[in-house]
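This report refers to the structure that appears directly beneath it.
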Amino acid sequence: MDPEVISKAAEDDWANAFARIENHYFVNEGFMRQGQLLEKQSIDKIRHIPCVIVQGRYDVVCPATTAYELKKAWPEAELQIVPDAGHSSMEPGTSKRLVEATEKFAAL
């Protein structure tokens, strides 16, 4: 990651603003109704777009069950569970899979 971006997160004003925005969305449930993203009419809008879902097995922020539910609603998507990863995209296994997916899309 960019050291300048990381250092910004250590600044009180930046961290406070980020936390306030994030919490505003959490408190308002992302401004969506429960299950809205998995509804057929929502998935149908993006079904034609190639998709790779990269999910860390040990992710406690976004549990693997959420990726599995998305895969069930969007069977055309490819689901990859990274066996030794959690939530961070910077974990080696997750980063590797994300780069592979990006290269696959670049070749389309």
Would region 20-38 turn up any residue that is farther than 28 Å from D2 by Cα and in contact (Cβ under 8 Å) with a residue 12 or more places away in the chain?
yes
Going through region 87-102 in order, the residues found to be in contact with a Gly (Cβ under 8 Å, 6 or more places away or on another chain) and either of a type in the set (D, E, K, R) or not in a helix (DSSP H, G or I) (or both) are H87, S88, E91
Of the residues in region 7-26, those that are open to solvent by less than 100 Å² (accessible area, probe 1.4 Å), among the acidic types (D, E) and not in a loop (DSSP other than H, G, I, E, B) come to E22
Over region 61-79, the set of residues farther than 17 Å from I49 by Cβ, over 12 Å from the mean Cα position of the chain (by Cα) and either surrounded by 15 or more Cβ atoms within 10 Å (Cβ to Cβ) or among the hydroxyl-bearing types (S, T, Y) (or both) is T65, Y68
The condition from (1) assigned to a loop (DSSP other than H, G, I, E, B); (2) open to solvent by less than 80 Å² (accessible area, probe 1.4 Å) that F105 misses is numbered (1)
Residue set E4, E29; condition at pLDDT below 95, at positive phi and open to solvent by 90 Å² or more (accessible area, probe 1.4 Å); output residue E29
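The values are calculated or read from the model by the stated rules, or taken from the named source; none is laboratory data. From a predicted model like this one, the values you see are computed outputs, not experimental measurements. Please note: Cβ atoms are built from the backbone with ideal geometry, for glycine as well, and neighbour counts cover all protein chains shown. With ligands, DNA and RNA removed, areas are computed over all heavy atoms of the protein, side chains included. Shrake-Rupley method; radii C 1.70, N 1.55, O 1.52, S 1.80 Å.
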